[in-house]
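**Student:** A single structure is presented below for examination.
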Amino acid sequence: MHGNSIPGEEIPKLNKIGKSKIIRRNTMANQIKYCAFPDAIVLDKPEGKPVQHLLWGDWLRLKDGKQGDWFEVDARGEDGWLHKESIQDNRLLEIVFVDIGQGDGCIVSTPEDKHIVIDAGEGDNMYRFLRWRFGKFSKKFKFESFIISHPDVDHYGGFVELFEEPNIEIGVVYHSGIIERTNDVRGPFGKTQKFNRKSYLAEIIRDKSSLDSLLTKKAIGVKKYPKMLRNALDSGRVSDFIALDSDTGYLPGYEAQKDITMEILGPVPTNLGGEKKGLKTFGSAGKTKNGHSVILKLTYHNVSILLGGDLNIPAECHLLTHYTGINVPPKDADEEELLVTKARQTFQVDFAKACHHGSADFSEIFLKAVNARATVISSGDDEAHAHPRADTLGTLGKHARGRRPLIFSTELARSAKETIKRPEILRSQLREAARELHDAQNGSNEENIKKAEKKYEELLSKVDRSIAVFGAINIRTDGNQVIFAQKIEAPSDEKKKKWDIYKFLRNARTGELEYDSKH
């Protein structure tokens, strides 16, 4: 992907001292290109000093200047120069695991410029990250879909502000179909049903009409999740609400034979007779809703990624049995080997998001089946479970592919230098600026309104900037090669290096994707 030709014919000319002169050609100006693999340093002039560090796939705009094989660019707010070897035409698939504190949240951005948010944490971190990334939502912006893996607040809470943002529109909200409700004597998720001496959730909310009928004031009560969905429904900015399960097969628009596929591996429903389907209970209400998280296997050409919610041991055993036809636990070592071999046909991926923030409630056989080369853990400091657990980290490494398996953590990657030092002061300043803006808007002086708006936006930008450089883990791929990247906490001012990058390359002999270690 290096050395793509860049439009704009070079016309060499010499100045009076014999050096090549920069030629201006309007044919190049404002063309959008992308940084080539794996990264690049923007210089202040050809062969000059560093001014910016770009990551593979970062967009850049060609300007008018060209000198030999060097091109003048505007990249990440900096003007400078890049060599043609550092510029490519093609956009990448990008997944960002946002540091949303305790919980899960990531955004998938496709080469076609479609954006899918999968979980959003509990607080407003995801909203602030997306606001920073997408121009403060100053204009209408449409997400292709939101996917809520399951109704735990550290996965859905961050959607509240996204649903309330007037300039955000959403194509489809996908969910697990499990909707908690208040004062239902049949159970927290509605009716349950016995089938073959086992208990199943029998009231799965599958479409927009059913959701609308369910979410009455009585059903919502004090529950946050149904209240959020009610507000989203009433906003008029969500086109549809659809429950996902393995019978769906693929996420609509990402079916087999597409460049990007998203296979739905869970929840796995059970046929309760006729056309009725239910979801097996796993003991407590918490384990049941966690265990029936939406599980996606995303594949882009030759690269695969498993994206799950809060699976637990009973759920993982349920999935393994469903996809292999072998009961868990297996009878002996031979049956276990057969189980893992069969399960890998479904679950083996190159990369995975660890389920349940690095909880120890996992099946070792399931990790053997996933067999990932690298795993991302999304966790936070302010929680009582000490995630990620030490035994989880050890087992993830033990049952991973490659000589040097990788484990990434949003909590460990967090860039402390850029966090807000005194949040109480910033909150006070924001409240004061909001009052000033409100007072100015109620007056008639346009100049005062502009001043108040500027002050408020400057303070808000500190919040946006803070979350934008927290502990986000970036995955970028063209479907063949892959990089993982996270911000360096103390970048070198001299070299302008600000990304810690891990490269995965194809072995020329085996065709396997391998981590390219310096050591």
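The values are calculated or read from the model by the stated rules, or taken from the named source; none is laboratory data. This one's a predicted model, so the numbers in the text were calculated from it and none came from an experiment. In this analysis, Cβ positions are derived from the backbone assuming ideal geometry, glycine residues included, and neighbour counts consider all displayed protein chains.
**Student:** Given (1) out of contact with any Asp or Glu (no Cβ under 6 Å at 6 or more places or on another chain); (2) not in a strand (DSSP E or B), identify the lone condition not met by SER199.
**Tutor:** (2)
**Student:** For segment 341-364, give me each residue that is part of a helix (DSSP H, G or I) and crowded, with 22+ Cβ neighbours inside 10 Å.
**Tutor:** If the condition is that a residue be part of a helix (DSSP H, G or I) and crowded, with 22+ Cβ neighbours inside 10 Å, then ALA343, PHE347, CYS355, HIS356, HIS357, GLY358 are the ones that fit.
**Student:** Exactly one condition in (1) at pLDDT 95 or above; (2) farther than 22 Å from ILE264 by Cβ; (3) within 13 Å of the chain's Cα centre (by Cα) is false for PHE129; which is it?
**Tutor:** Exception for PHE129: condition (1).
**Student:** In segment 137-152, how many residues are in a loop (DSSP other than H, G, I, E, B) and not polar (S, T, N, Q)?
**Tutor:** The qualifying residues number 6.
This table checks each residue for (1) among the aliphatic types (A, V, I, L, M); (2) farther than 25 Å from PRO329 by Cβ; (3) modelled with pLDDT of 80 or more.
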| site | (1), (2), (3) |
| --- | --- |
| ASP350 | no, yes, yes |
| ALA360 | yes, no, no |
| ALA369 | yes, no, yes |
| THR375 | no, no, yes |
| HIS387 | no, yes, no |
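**Student:** Residues of segment 165-196 being of a type outside the set (S, T, N, Q), touching a Phe, Trp or Tyr at 6+ places or on another chain (Cβ under 9 Å) and not in a loop (DSSP other than H, G, I, E, B), which ones?
**Tutor:** If the condition is that a residue be of a type outside the set (S, T, N, Q), touching a Phe, Trp or Tyr at 6+ places or on another chain (Cβ under 9 Å) and not in a loop (DSSP other than H, G, I, E, B), then ILE168, GLU169, ILE170, GLY171, VAL172, VAL173, TYR174, HIS175, LYS194 are the ones that fit.
**Student:** Are there any pairs with C-beta distances below 9 angstrom linking a residue in segment 341-353 that is in the same structural domain as ASN302 (by TED's automatic domain parsing) to a residue that is in a helix (DSSP H, G or I) and aromatic (Phe, Trp, Tyr), with the two at least 6 apart or on different chains, and if so which?
**Tutor:** LYS342/TYR323; ALA343/TYR323; ALA343/PHE366; GLN345/TYR323; THR346/TYR323; PHE347/TYR323; PHE347/PHE366
**Student:** Oh, and also: Please verify whether segment 456-474 includes one or more residues that are modelled with pLDDT under 80, over 28 Å from the mean Cα position of the chain (by Cα) and surrounded by fewer than 15 Cβ atoms within 10 Å (Cβ to Cβ).
**Tutor:** No, segment 456-474 contains no residue that is modelled with pLDDT under 80, over 28 Å from the mean Cα position of the chain (by Cα) and surrounded by fewer than 15 Cβ atoms within 10 Å (Cβ to Cβ).
**Student:** Right, something else. Taking the criterion of being part of a strand (DSSP E or B) and farther than 28 Å from LYS287 by Cβ, would at least one residue in segment 119-135 satisfy it?
**Tutor:** Within segment 119-135, the first condition is being part of a strand (DSSP E or B), and the residues that meet it are 119-120.
Now drop any that are not farther than 28 Å from LYS287 by Cβ, which leaves none.
Among the residues of segment 119-135, not one is part of a strand (DSSP E or B) and farther than 28 Å from LYS287 by Cβ, which makes the answer no.
**Student:** Looking at ARG404, ARG435, which is the one that is surrounded by fewer than 17 Cβ atoms within 10 Å (Cβ to Cβ) and modelled with pLDDT of 85 or more? Can you show your working first?
**Tutor:** Working: ARG435 fails: modelled with pLDDT of 85 or more.
Sole residue among the options that is surrounded by fewer than 17 Cβ atoms within 10 Å (Cβ to Cβ) and modelled with pLDDT of 85 or more: ARG404.
**Student:** Something else: Search segment 91-113 for residues being part of a loop (DSSP other than H, G, I, E, B) and at pLDDT below 95, and hand back the single one that is surrounded by the fewest Cβ atoms within 10 Å (Cβ to Cβ). Working first, answer last.
**Tutor:** Start the filter on segment 91-113 by keeping residues that are part of a loop (DSSP other than H, G, I, E, B), which leaves 91-92, 98-104, 110-113.
Those still in the list that are at pLDDT below 95 too: 98-104.
Details: VAL98: 29, ASP99: 28, ILE100: 32, GLY101: 25, GLN102: 20, GLY103: 27, ASP104: 35.
So, considering only residues that are part of a loop (DSSP other than H, G, I, E, B) and at pLDDT below 95, the one surrounded by the fewest Cβ atoms within 10 Å (Cβ to Cβ) is GLN102.
**Student:** Consider VAL172 carefully, then state whether it is modelled with pLDDT of 95 or more, crowded, with 16+ Cβ neighbours inside 10 Å and more than 14 Å from the chain's Cα centre (by Cα).
**Tutor:** It is true that VAL172 is modelled with pLDDT of 95 or more, crowded, with 16+ Cβ neighbours inside 10 Å and more than 14 Å from the chain's Cα centre (by Cα).
**Student:** Of LYS227, LYS217, which residue is more than 30 Å from LEU298 (Cα to Cα) and loosely packed, with under 13 Cβ neighbours inside 10 Å?
**Tutor:** LYS217
**Student:** Which one is surrounded by the fewest Cβ atoms within 10 Å (Cβ to Cβ) among residues in segment 260-287 that are farther than 16 Å from THR248 by Cβ and touching a Pro at 6+ places or on another chain (Cβ under 9 Å)?
**Tutor:** The selected residue is GLY283.
**Student:** Still on this model: Tell me which residues, restricted to segment 202-224, are assigned to a loop (DSSP other than H, G, I, E, B), at negative phi and of a type outside the set (Lys, Arg).
**Tutor:** Just the residues of segment 202-224 that are assigned to a loop (DSSP other than H, G, I, E, B), to begin with: 202-207, 215-216, 221-223.
Still in the list and also at negative phi: 202-207, 215-216, 222-223.
Of everything in segment 202-224, those that are assigned to a loop (DSSP other than H, G, I, E, B), at negative phi and of a type outside the set (Lys, Arg) turn out to be ALA202, GLU203, ILE204, ILE205, ASP207, LEU215, THR216, VAL222.
**Student:** Something else now. Is it the case, given these coordinates, that PRO252 is crowded, with 20+ Cβ neighbours inside 10 Å and either under 30 Å from ARG404 (Cβ atoms) or touching a residue at least 40 places away in the same chain (Cβ under 8 Å) (or both)? Break it down stepwise before answering.
**Tutor:** Numbers: crowded, with 20+ Cβ neighbours inside 10 Å: no; either under 30 Å from ARG404 (Cβ atoms) or touching a residue at least 40 places away in the same chain (Cβ under 8 Å) (or both): yes.
No.
**Student:** The conditions are (1) touching a Gly at 6+ places or on another chain (Cβ under 9 Å); (2) modelled with pLDDT of 95 or more; (3) in a loop (DSSP other than H, G, I, E, B), and LEU319 fails exactly one of them. Which is it?
**Tutor:** (3)
**Student:** Can I ask one more? Collect the residues in segment 232-253 that are of a type in the set (A, V, I, L, M) and assigned to a loop (DSSP other than H, G, I, E, B), keeping them in residue-number order.
**Tutor:** Those that are of a type in the set (A, V, I, L, M) and assigned to a loop (DSSP other than H, G, I, E, B): LEU244, LEU251.
**Student:** Which of the residues that make up segment 288-302 are part of a loop (DSSP other than H, G, I, E, B) and not hydroxyl-bearing (Ser, Thr, Tyr)?
**Tutor:** Correct list: HIS292, VAL294, HIS301, ASN302.
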